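S.K.: Mind having a look at this structure? Questions to follow.
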Amino acid sequence: MFKFASRVSTKLKPICAVWELTLKCNSKCIHCGSNAGEKRPGELNNEEALNLVRELKSCGFKGVALMGGEPLLRSDWFEIANEVKKNNLELSIVTNGLTLKENIHKIKSLGTDCVSISLDAGTEKVHDYLRGVSGSFSKVIEALNILERTAIPTSIITSVSKINLKEIDKIKKMIIDRNIAWQIQVSTPIGRFPKKLMIDRTEFYNLASYIANTVKKYGYKRVPLIGAHCLGHYSRFIPNLGLSPWIGCQAGKTILGIQCNGNIKGCLTLPDSFIEGNIREEKLSIILKRLRMKTLEPRGYCQKCDVLESCMGGCLGTALAVNEFEYPYCLRAIENEHFLTKFPLTSKVDTIFSKIKNYYEGLSKI
């Protein structure tokens, strides 16, 4: 089981550590998976944080993404970010944009490789409602303009729910031809986001189709848009939505999640039952060895899927959050349910075609 993809995955080297620098936040987002707001008890002190940066470097990581909560609210964020750059690691900052204006000179001086700002609607009313802060939309727009003027590589992240599904096209019109990368992801019922607001499977499939059609129409140069890992794989009709071939969830493999108290997970979207250790108690290298050995048996629908060996069950965080293993948020599963009798190919040829399609389309974007 998982023969080919599993072998490839375990040989891949660490790429990016996603670090919850603090749980403190000045937004009150409805879809916040971390339930951020107040500081998490026992957050790493300055010395521990700087040592962790050096450990990440020694373990072979290529980059660090600082997020929260709101990372710019931590008093020593600049010192930690500077340590990241001193160790020749790529630095990304994921922010809500509310305090970017007063921090832009520091961000620029660091040589920050990318600033990602959350933008969840194309209108002030919906964005501010989702973020729980009046005036946040105007501050995000101002932040994007500042980043454009200072030539700092910029991306936006949009978390889609029933509340803002109709806002997606409005966002596209705001960023077209502005060299702003765009990642769309699905809000899942973790943290304080209620399941009733999650898009249904039909909306999920239509959203994936929208991403593919937008890229086809405008190209990556005009609208550099991708779908996050939670948006499904191995569709017969929808092209690969990510930037590389999907070879299974990379939590704990090439991706690492770090909580601000030193807890280590394969991915921050995973529940706390997936905490593998704490850097105050063990060296990061030891924790990583255990993480890379972890395997999970497929559940529900995935057990009999024809591309299980390559897909390996899709995004683990999404699967666990939704907890619907018989009717997963999976493009291929939805196609099997609604279009199966329309496929002109035999089962074996169909499977081979889907695997080749995934790798070719992914490699063509690298």
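S.K.: Once you put a point 7 Å from the Cα of residue 46 and another 7 Å from the Cα of residue 176, both along the Cβ direction, what distance in nm separates them?
M.R.: A separation of 4.9 nm, rounded to one decimal place.
S.K.: Multiply the residue separation of residue 105 and residue 254 by 0.36 nm, subtract the distance between their alpha-carbon atoms, and state the gained length in nm to one decimal.
M.R.: So the extension gain works out to 50.5 nm.
S.K.: In addition: Order the peptides 234-240, 191-197 from the highest to the lowest mean number of other Cβ atoms within 10 Å of their residues.
M.R.: 234-240, 191-197
S.K.: Going by amide H atoms built from the backbone, whose H comes under 5 Å of the H on residue 113, apart from near neighbours?
M.R.: 91
S.K.: Which value in nm describes the separation of the simple spin-label points at residue 294 and residue 38, placed 7 Å from the Cα toward the beta carbon?
M.R.: 2.8 nm
S.K.: Heavy atoms only, 1.4 Å probe, whole protein assembly: order 233, 338, 127 by accessible area, highest first.
M.R.: Result of the area sort, largest leading: 338, 233, 127.
S.K.: If DNA, RNA and ligands are ignored and the probe is 1.4 Å, what is the ranking of 128, 200, 272 by accessible area, most exposed first?
M.R.: Of 128, 200, 272, the descending order of accessible area is 272, 200, 128.
S.K.: Short version: ³J(HN,Hα) in whole Hz for each residue of region 14-31, in order, from phi by Karplus 6.51 cos²θ - 1.76 cosθ + 1.60 (θ = phi - 60°), x for Gly and Pro, what are they?
M.R.: x, 10, 9, 9, 9, 10, 6, 5, 7, 8, 5, 8, 9, 10, 9, 5, 4, 9
S.K.: Taking a 1.4 Å probe, which of 357, 265 shows the most accessible area, and what order do the others take after it?
M.R.: Details: 357 30, 265 5 Å².
Of 357, 265, the descending order of accessible area is 357, 265.
S.K.: Roughly how many percent of the accessible protein surface of the chain is carbon and sulfur, given a 1.4 Å probe and a whole-percent answer?
M.R.: Ligands and nucleic acids excluded, carbon and sulfur reach 56 percent.
S.K.: So, one more: How far, in nm, would the chain grow between residue 62 and residue 138 when pulled straight, counting 0.36 nm per residue and subtracting the alpha carbon separation?
M.R.: Here the segment from residue 62 to residue 138 would lengthen by 24.0 nm.
S.K.: Keeping all protein chains in place, calculate the accessible area per residue for region 164-299 (probe 1.4 angstrom), answer in Å².
M.R.: 46 Å²
S.K.: Expressed as a rounded percentage, what relative contact order does the chain have, with Cα pairs under 8 Å and six or more residues apart?
M.R.: 19 percent
S.K.: How far, in nm, would the chain grow between residue 337 and residue 203 when pulled straight, counting 0.36 nm per residue and subtracting the alpha carbon separation?
M.R.: On the way: separation 134, 0.36 × 134 = 48.24 nm, distance 1.49 nm.
This chain segment gains 46.8 nm when fully extended.
S.K.: Would you list, by chain and number, the lysines whose Cα falls below 27 Å from the Cα of residue 217, excluding same-chain residues fewer than 8 positions away?
M.R.: The qualifying lysines are 162, 166, 170, 172, 173, 342, 355, 357, 365.
S.K.: What FRET efficiency comes out for residue 309 versus residue 244 if R0 is 30 angstrom and r is the Cβ-Cβ distance? Round to the nearest 0.05.
M.R.: 0.95
S.K.: Also: Based on the Cβ-Cβ distance of residue 90 and residue 213, what FRET efficiency does E = 1/(1 + (r/R0)^6) give at R0 = 25 Å, to the nearest 0.05?
M.R.: 0.20
S.K.: Which of the following values of percent of Cα pairs over 38 Å apart was calculated from the structure shown: [x] 39; [y] 14; [z] 30?
M.R.: Calculated percent of Cα pairs over 38 Å apart: the matching label is [y].
S.K.: In addition: Please find the FRET efficiency linking residue 123 to residue 326, where r is the Cβ-Cβ separation and R0 is fixed at 25 Å, and quote it to the nearest 0.05.
M.R.: My answer for the efficiency is 0.10.
The values are calculated or read from the model by the stated rules, or taken from the named source; none is laboratory data. Everything quoted here is computed from the prediction, not taken from an experiment. Cβ sites come from the backbone with ideal geometry, for glycine too, and all protein chains shown count toward neighbours. Keep in mind that these areas ignore ligands, DNA and RNA; they rest on the heavy atoms of the full protein, side chains included. Shrake-Rupley method; radii C 1.70, N 1.55, O 1.52, S 1.80 Å.
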